[in-house]
Amino acid sequence: MTDKEMHISIIGAGSWGTALAAVLGQKHQSVILWVRSSVLCNQIQSTRENNNYLPGCKLPPTVAVTNNFAEAASGAELIILTTPSHAVRQTAAQLAPFVASKTVIVSAAKGLELASVKRMSEVIAEEIPAAAGQIAALSGPNHAEEVALNQPTATVVAAKSRKVAEYIQDAFMLPSFRVYTNPDIIGVELAGALKNIIALGAGIADGLGFGDNARSALMTRGLAEITRLGMAMGANPLTFAGLAGIGDLIATCTSVHSRNRRAGLQLAAGKTVAEIQAGTSMVVEGIRATMIAHQLAAKYHVEMPITGQIYAVLYDGKSPKNAVLELMTRSRTHEVEEVALNNLIWN
Ligand SMILES: NC(=O)c1ccc[n+]([C@@H]2O[C@H](COP(=O)([O-])OP(=O)(O)OC[C@H]3O[C@@H](n4cnc5c(N)ncnc54)[C@H](O)[C@@H]3O)[C@@H](O)[C@H]2O)c1
Ligand SMILES: O=P(O)(O)OC[C@H](O)CO
């Protein structure tokens with residue numbers, strides 16, 4: 001089957017699903033976008049634009065739009081799940097009866113499941129057993145707003161099977177969208193989910209009026225602690241030095257597009273989690289990710305001081321200023337973790 005004949009289904013029409021539909025519709029002749037709300041579905045069908053989540057992005061004629069799971073998934077060789085992480089299990093379960101056994105599934109959500117603390121590929125494998133060996137994760141510094149404008153973007157697709165990863169790489173590659181492969185699906189999924197916590201912190205730092213020094217320190221030490229958790233959970237630390245790790249951390253912690261960073265700005269201004277969530281229909285994945293990472297840090301005995309302070313701001317009413325003070329006045333420590341010291345020896 002050639003690229004042009006591939007049937008691609010995108011499940012979820014938030015900003016990310018809509019941007020991916022617009023991009024993949026430039027390369028493929030048969031792309032279908034599933035929209036949860038029938039009202040939004042009708043609106044996109046008539047205007048060819050998703051005014052709720054990605055206004056200004058016209059969908060090419062190769063993209064069909066539906067509200068029906070059977071129509072979306074039947075005959076699809078490649079299914080991309082783009083709902084927020086909290087909706088992936090339920091959506092995958094509804095989709096499962098229509099997924100053929102050879103279908104490849106890409107998880108594009110950046111989050112973990114709160115109830116089970118599982119990664120999205122694990123959740124999908126449980127709900128769609130027919131696809132268990134053919135599930136991949138897509139992650140990287142990929143703001144939908146820029147992808148939709150065909151601005152140069154790089155990303156990573158991770159799967160245990162090289163064949164599956166390269167199949168997806170070929171399906172997505174475009175002059176404006178460059179895809180790398182990585183066998184470390186644990187690392188890619190964890191990096192994508194955990195960087196959102198640090199982006200909340202970057203927003204808090206910016207909102208408190210701190211400068212480049214503070215943001216850089218937060219990002220660097222944030223990367224150290226999410227890498228530490230990733231390693232404890234079986235990830236390759238080099239993945240955290242790649243696009244899904246530091247790449248996405250830079251994009252999310254510095255961008256005007258980031259909802260997580262924006263939520264951090266609001267926290268610094270004194271808003272509560274409930275007020276932030278009530279003020280947007282968009283997903284702020286870092287809010288749940290912080291709770292999950294807090295649990296994982298305890299489970300794996302991993303020190304995560306930044307995550308701990310952001311948890312306290314989000315869920316215990318701690319003031320962002322006190323959180324910063326506590327981070328800055330922690331007992332002294334080394335920069336390089338013992339586990340990574342290898343042959344470095346003190347004089
Ligand atoms: N927006 C980006 O730039 C971007 C880039 C890469 C990855 N992601 C990831 O993609 C995922 C989706 O984010 P987004 O930005 O497209 O979302 P969004 O904030 O633009 O829109 C929210 C979407 O979630 C849907 N939704 C909410 N509750 C739902 C439920 N219970 N069942 C099904 N759908 C539900 C809404 O209908 C809407 O389509 C997130 O995990 C996000 O981290 C986003
Ligand atoms: O808007 P955010 O903070 O959810 O970030 C979106 C993407 O993860 C950026 O790669």
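The values are calculated or read from the model by the stated rules, or taken from the named source; none is laboratory data. Because the structure is predicted, anything quoted here is derived from the model rather than measured. When we count neighbours, we look across all protein chains shown, and the Cβ atoms used for this are built from the backbone with ideal geometry, even at glycine.
Things worth noting here:
- Ala109 within 16 Å of ligand 1 (Cβ to nearest atom), within 24 Å of Ala22 (Cα to Cα) and crowded, with 24+ Cβ neighbours inside 10 Å: yes
- Selection from the range 65-105 of residues that are touching a Cys at 6+ places or on another chain (Cβ under 8 Å) and not in a loop (DSSP other than H, G, I, E, B): Val65, Thr66
- Taking residues in the range 1-20 that are at positive phi and within 16 Å of ligand 2 (Cβ to nearest atom), and partners anywhere that are modelled with pLDDT of 95 or more and of a type outside the set (A, V, I, L, M, F, W, C), the pairs with Cβ atoms closer than 8 Å and at least 6 places apart or on different chains are Gly12/Arg36; Gly12/Thr82; Gly12/Thr83; Gly12/Pro84; Gly12/Thr91.
- Hits in the range 54-84 (condition: touching a residue at least 40 places away in the same chain (Cβ under 8 Å) and within 16 Å of ligand 2 (Cβ to nearest atom)): Leu54, Cys57, Ile80, Leu81, Thr82, Thr83, Pro84
- Qualifying residue in the range 224-236 (condition: among the β-branched types (Val, Ile, Thr), surrounded by 21 or more Cβ atoms within 10 Å (Cβ to Cβ) and assigned to a helix (DSSP H, G or I)): yes
- Summed over the range 115-140, the residues that are more than 21 Å from His86 (Cβ to Cβ), out of contact with any Leu (no Cβ under 6 Å at 6 or more places or on another chain) and crowded, with 21+ Cβ neighbours inside 10 Å give a count of 1.
- Residue that is surrounded by the fewest Cβ atoms within 10 Å (Cβ to Cβ), among those in the range 148-158 that are within 16 Å of Ile80 (Cα to Cα) and within 12 Å of ligand 1 (Cβ to nearest atom): Thr155
- Scanning the range 1-20 for residues that are of a type outside the set (A, V, I, L, M, F, W, C) and at pLDDT 95 or above gives His7, Ser9, Gly12, Gly14, Ser15, Gly17, Thr18.
- Val324 surrounded by 15 or more Cβ atoms within 10 Å (Cβ to Cβ), of a type in the set (A, V, I, L, M) and closer than 22 Å to Leu114 by Cα: no
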